[in-house]
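*Asks:* Got a structure for you, questions after.
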Amino acid sequence: MFDKILIANRGEIAVRIIRACREMGIKTVAVFSEPDREALHTQLADDAVCIGPAKVQDSYLNVTNIISAAVEKKVQAIHPGFGFLSENSTFAAMCEECNIKFIGPSAKVIDALGNKSNARDMMIKAGVPVIPGSDGVTKDASQAYEVAGRLGYPVIVKASAGGGGKGIRIVRAKEDLEEAFESARSETIKAFGDDNMYMEKLVENARHVEVQILGDSFGNVIHLGERDCSLQRKNQKVLEEAPCPVLSQEIREKMCHSAVLAAKAAGYQSAGTIEFLYDEASQDYYFMEMNTRIQVEHPITEMVTGVDIVKEQIKIADGSKLSLKQEDIQIKGHSIECRINAENPSRNFAPCPGIIDYLLIPAGGLGLRVDTAVYEGYEIPPFYDSMIAKVIVHGKDRTEAISKMKRALYEFIIDGIDTNIEFQNNILNNPDYQKGNFNTSFLESFLEERKE
């Protein structure tokens with residue numbers, strides 16, 4: 001097993017990985033930007049290295065400084081967490097060149113799955129259902145008109161190298177297509193340095209359902225069930241739950257089988273997630289993309305399976321064979337995760353950095369977990385993502401899980417900054433949410449109703 005691992009990330013995911021390593025007897029090295037000098041991940045790790053100033057390009061995306069820190073501290077592996085460099089094939093390749101294990105898939109696999117149009121072609125060959133769309137890259141607006149004419153409106157224009165909701169435009173009418181295509185492409189170039197676009201038929205009022213998989217270097221792949229991540233605002237997830245409350249057992253088994261086929265087709269090694277769109281009316285599901293990293297919402301899968309996904313990632317990277325077989329995975333109960341952000345929902349969710357004057361984190365009782373890196377007196381910097389905590393609950397069924405989450409949010413008190421805790425509680429108290437009647441357009445309608 002590895003002796004020392006560097007965590008190339010910050011915030012709650014860095015803390016989560018450090019804690020898993022400590023339980024496994026592995027020493028950790030944190031990296032931090034200058035504003036994160038007093039951050040919790042910096043304090044909890046066995047060692048810490050400053051990798052640059054506040055700007056992410058100069059610190060958490062500074063491949064040279066991170067690799068230099070890893071070499072200096074003589075680590076055997078780097079865990080990238082999620083975001084930042086977690087799906088950067090150049091970084092993964094540099095780790096390999098420096099004889100440092102990248103805890104994730106190979107650079108080749110990241111490239112193959114990171115390009116959405118290539119991944120789509122791979123899934124078609126593997127027999128995984130995909131959304132009707134363009135055959136490969138859509139080169140220009142002229143070709144976009146041809147594709148949209150074949151598919152029929154509405155369509156969605158997507159960045160081949162996309163992620164995080166960037167480079168995406170929905171087009172409902174022919175006259176809007178060219179402007180949407182060029183706007184999405186411009187955003188894609190700025191965000192990813194890549195102007196390749198592709199198109200799909202827009203599947204409206206669908207659910208976003210994803211399947212967690214684990215694959216080792218011996219060709220073994222298993223799934224850990226699915227998560228419903230339909231509650232999104234501007235393509236960013238807000239609340240997730242596992243399992244999906246509306247899947248029949250037959251559809252669940254088919255979808256999870258498709259996810260395993262997808263991972264095997266890619267030769268996938270590590271933890272990863274296959275994302276599907278599920279049309280509840282027709283009961284059809286379609287491959288969207290594969291995330292080649294651990295997900296923000298991985299704790300709800302851990303809650304219902306009892307599997308520590310971070311530890312499994314580390315063991316797979318170390319060359320171990322999966323200790324679990326598919327028949328060992330049993331989904332028990334129901335789990336919900338609420339993302340707590342330093343933001344003001346009444347001001348269009350504007351980020352609210354600042355100092356936490358008082359903090360009471362919910363605790364007590366079975367089935368409650370809070371993943372966070374904040375503490376009383378901590379100053380939330382304005383330079384990074386606004387998520388400051390994740391509240392995760394587990395109950396014997398969905399009704400109990402909702403009740404536990406409402407109790408947990410009632411106890412969660414943060415003074416000094418604005419948060420979305422009340423907003424999350426309003427979702428939980430919504431009758432349609434409680435009945436499981438929601439899809440990816442739910443929050444948009446929810447917010448419109450609250451304006452009236």
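*Asks:* Checking residue 338 against (1) hydrophobic (A, V, I, L, M, F, W, C); (2) farther than 23 Å from residue 420 by Cβ; (3) in contact with a helix residue (DSSP H, G or I) (Cβ under 8 Å, 6 or more places away or on another chain), which test does it fail?
*Replies:* Status for residue 338: all satisfied but (2).
*Asks:* Moving on. List, please: which pairs have Cβ atoms under 6 Å, are six or more places apart or on different chains, and start with a residue in the range 212-223 that is more than 15 Å from residue 328 (Cβ to Cβ) and end with one that is open to solvent by 50 Å² or more (accessible area, probe 1.4 Å)?
*Replies:* Note: pairs meeting the criteria are 215/269; 217/269; 218/321.
*Asks:* Give just the number: which of (1) within 24 Å of the chain's Cα centre (by Cα); (2) modelled with pLDDT under 95; (3) surrounded by fewer than 18 Cβ atoms within 10 Å (Cβ to Cβ) does residue 132 not satisfy?
*Replies:* Of the numbered conditions (1) within 24 Å of the chain's Cα centre (by Cα); (2) modelled with pLDDT under 95; (3) surrounded by fewer than 18 Cβ atoms within 10 Å (Cβ to Cβ), the odd one out for residue 132 is (1).
*Asks:* If I ask for residues that are within 21 Å of the chain's Cα centre (by Cα) and either in contact (Cβ under 8 Å) with a residue 60 or more places away in the chain or crowded, with 18+ Cβ neighbours inside 10 Å (or both), which ones from the range 85-94 would you list?
*Replies:* Listed by number, the residues that qualify are 85, 86, 87, 88, 89, 91, 92.
*Asks:* Name the residue that is modelled with the lowest pLDDT, counting only residues in the range 35-89 that are acidic (Asp, Glu) and in contact with a helix residue (DSSP H, G or I) (Cβ under 7 Å, 6 or more places away or on another chain).
*Replies:* Residue satisfying both the conditions and the ranking: 87.
*Asks:* Another question about this same structure. Looking only at the range 413-435, filter to residues that are of a type outside the set (S, T, N, Q) and closer than 21 Å to residue 242 by Cβ; which one of those is most open to solvent (accessible area, probe 1.4 Å)?
*Replies:* Per the criteria, the residue is 435.
*Asks:* Now, a different point. Residue by residue through the range 228-245, note down the ones that are open to solvent by 30 Å² or more (accessible area, probe 1.4 Å) and in contact with a strand residue (DSSP E or B) (Cβ under 7 Å, 6 or more places away or on another chain).
*Replies:* 235, 237, 245, listed by residue number.
*Asks:* Looking only at the range 282-322, which residues are within 28 Å of residue 165 (Cα to Cα), in contact with a helix residue (DSSP H, G or I) (Cβ under 8 Å, 6 or more places away or on another chain) and outside any loop (DSSP other than H, G, I, E, B)?
*Replies:* 285, 287, 289, 290, 298, 301, 302, 309, 310
*Asks:* Taking the conditions exactly as written (touching an Asp or Glu at 6+ places or on another chain (Cβ under 7 Å) and either within 28 Å of residue 306 (Cβ to Cβ) or free of Cβ contacts under 8 Å to residues at least 12 places away in the same chain (or both)), does residue 373 satisfy them or not? If you could, list the steps in order and put the result at the bottom.
*Replies:* Details: touching an Asp or Glu at 6+ places or on another chain (Cβ under 7 Å): yes; either within 28 Å of residue 306 (Cβ to Cβ) or free of Cβ contacts under 8 Å to residues at least 12 places away in the same chain (or both): yes.
When the stated conditions are applied, residue 373 passes them.
*Asks:* May I ask you to list the residues in the range 193-204 that are touching a strand residue (DSSP E or B) at 6+ places or on another chain (Cβ under 8 Å) and touching a residue at least 40 places away in the same chain (Cβ under 8 Å)?
*Replies:* 196, 197, 198, 199, 200, 201, 202, 203
The values are calculated or read from the model by the stated rules, or taken from the named source; none is laboratory data. Predicted, not measured: the structure shown is a model, and the values here were computed from it. A quick note on method: Cβ atoms are made from the backbone with ideal geometry, for glycine too, and the neighbour counts reach across all protein chains shown. For the accessible areas, the whole protein counts, side chains as well, though only heavy atoms, and no ligand, DNA or RNA atoms are used. Shrake-Rupley method; radii C 1.70, N 1.55, O 1.52, S 1.80 Å.
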